[in-house]
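Worksheet: one structure, shown below.
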Amino acid sequence: KAGVTQTPRYLIKTRGQQVTLSCSPISGHRSVSWYQQTPGQGLQFLFEYFSETQRNKGNFPGRFSGRQFSNSRSEMNVSTLELGDSALYLCASSLDPGGETQYFGPGTRLLVL
Amino acid sequence: GDSVTQMEGPVTLSEEAFLTINCTYTATGYPSLFWYVQYPGEGLQLLLKATKADDKGSNKGFEATYRKETTSFHLEKGSVQVSDSAVYFCALKTGGSYIPTFGRGTSLIVHP
């Protein structure tokens, strides 16, 4: 069974631009969560989607948004990029919301210049 | 709220040495506990988990025992290999929350 895939793997943007990251969960998994990982803050929860609905949201500004499609694939969008948005963005999937075991993708490394 | 505290790294060991990475937690409910590993350039992989007190999770020679009395879930391995070099994250999830709480991670470097 294929794992969680994320595209692109690496991205360089400039301040003020926007970016869209994509995540395809493991086949059969219906819940997708997004995390931001930085050296300073560690791993922080962004949001979780299930059945095309946002179920939970972390403490991030409204510039961070996401969506989920009917095939469970998910995208997250960051608008008006800031230097501090440079991070590794990880996607994780599980069978159901709050699924005890999450499976992580390799991440998208975003660099904002 | 919930929190996880891990020992600061990096932890540097020689091959075949014994490994302990400490993890303690505070939780408002009765948590499930997890260890994840992140190899360079990759995402997190679930290493092991335990869902109730005195449970021992084990995988790939790593072990951790859920100690409710000391609120700890220390990771151990009897003989580390160079290939174990990675960052290790302790995490918890309580039944009432869909959001896991992660520790800051502990970097392990194993020298030949």
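The values are calculated or read from the model by the stated rules, or taken from the named source; none is laboratory data. It should be emphasised that the depicted structure is a prediction, and the values quoted were computed from it without experimental measurement. Here Cβ is always computed from backbone atoms with ideal geometry, including for glycine, and neighbour counts include all displayed protein chains. Heads up: the accessible areas ignore ligands, DNA and RNA and are worked out on the full protein's heavy atoms, side chains in. Shrake-Rupley method; radii C 1.70, N 1.55, O 1.52, S 1.80 Å.
Overview of results
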| quantity | calculated |
| --- | --- |
| Whole-number accessible area per residue in Å² for the protein assembly as shown, which is evaluated in the context of all protein chains at 1.4 Å | 46 Å² |
| Protein-protein interface of the stretch B:80-112, residues with accessible area decrease of at least 10 Å², isolated chain reference, 1.4 Å probe | B:Phe89, B:Lys93, B:Tyr98, B:Ile99, B:Pro100, B:Phe102, B:Arg104 |
| Percent breakdown of C-alpha pair distances by 5 Å bin, ordered from the shortest bin, for the stretch A:1-55 | 4, 14, 19, 25, 22, 11, 4, 1 |
| Where trypsin sites (Lys or Arg not before Pro) in DSSP loops with at most 13 other Cβ within 10 Å are excluded, longest remaining stretch of chain A | A:64-113 |
| Pairwise label distance in nanometres, A:Gln17 with B:Ala17, each label 7 Å out on the Cα-Cβ vector | 4.3 nm |
| Dimensions in Å of the protein assembly as shown - Rg and Dmax from alpha carbons | 17.5, 51 |
| Distance from the stretch A:1-46 to the stretch B:1-42 (C-alpha centre basis), Å | 22 Å |
| Heavy-atom accessible surface that A and B bury in contact, both chains counted, 1.4 Å, Å² to 100 | 1600 Å² |
| Size of electric dipole in chain A: Cβ of Lys, Arg +1 and of Asp, Glu -1, about Cα centre, debye, nearest 20 | 220 debye |
| Share of Cα-Cα pairs in the stretch B:39-88 lying beyond 12 Å, as whole percent | 66 percent |
| Pair B:Ser58, B:Val82: separation of 7 Å Cα→Cβ label points (nm) | 2.8 nm |
| For the protein assembly as shown, size of Cβ-based charge dipole, Lys and Arg +1, Asp and Glu -1, in debye | 600 debye |
| Alpha carbon convex hull of chain B, volume per residue in cubic angstrom | 91 Å³ |
| Interface residues in the stretch B:34-62 - accessible area drops by 50 Å² or more relative to the isolated chain, probe 1.4 Å | B:Leu44 |
| Candidate aspartates and glutamates for bridging to B:Lys77, where Cα separation is under 20 Å - those fewer than 8 sequence places away on the same chain excluded | B:Glu8, B:Glu15, B:Glu16, B:Asp54, B:Asp55, B:Glu63 |
| Accessible surface of chain A [probe 1.4 Å, protein heavy atoms]: carbon and sulfur percent | 48 percent |
| Sulfur and carbon atoms: percent of accessible area, the stretch B:17-112 [1.4 Å] | 51 percent |
| Rg over Rh, two decimals, chain A (C-alpha only, Kirkwood Rh) | 0.95 |
